[in-house]
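Please treat every number below as a calculation from the coordinates, not as lab data. Because the structure is predicted, anything quoted here is derived from the model rather than measured. Neighbour counts run over all protein chains shown; Cβ positions are idealised from the backbone, glycine included.
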Amino acid sequence: MPPACGPAGPEVARGARPSSGWVSYRLSLDQAAARRVGVLAAKAGHDDIVDVAVVEGALRRDDTILTSNRSHIETIAAAGRRRIPIIDV
């Protein structure tokens, strides 16, 4: 299951599952976005382009990521020199 991301809200702080207010983004890469994703993939040494694209977008938008693969998301975010709020699903 690909990771999903959306705005962090009070339910995240309480550790509950997110409900309303969460957004699922369709990945669409123009040339500039593809370049950002490629640079981040190279820095992270990660070849799952969907994971990298989700992290890149979350870094830009200050989103929280829902994922079943926390270790991949943390590795990619660390390459971007930022921490991202992550919720395990």
Any idea what the alpha-carbon Rg over 2.2 N^0.38 Å comes to for region 50-89?
0.97
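Between residue 81 and residue 62, 0.36 nm times their residue separation minus their Cα-Cα distance comes to what? All intermediate terms of the calculation are to be shown ahead of the outcome.
Working: separation 19, 0.36 × 19 = 6.84 nm, distance 1.33 nm.
So the extension gain works out to 5.5 nm.
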What dipole magnitude, in Debye to the nearest 20, does region 29-89 give about its Cα centre under +1 on Lys/Arg Cβ and -1 on Asp/Glu Cβ?
300
Residues whose built amide H sits under 5 Å from the amide H of residue 87, excluding neighbours closer than 5 in sequence, are 65, 66, 67
Counted charge near residue 73, where neighbours are those whose Cβ lies closer than 12 Å (Asp, Glu -1; Lys, Arg +1):
-3
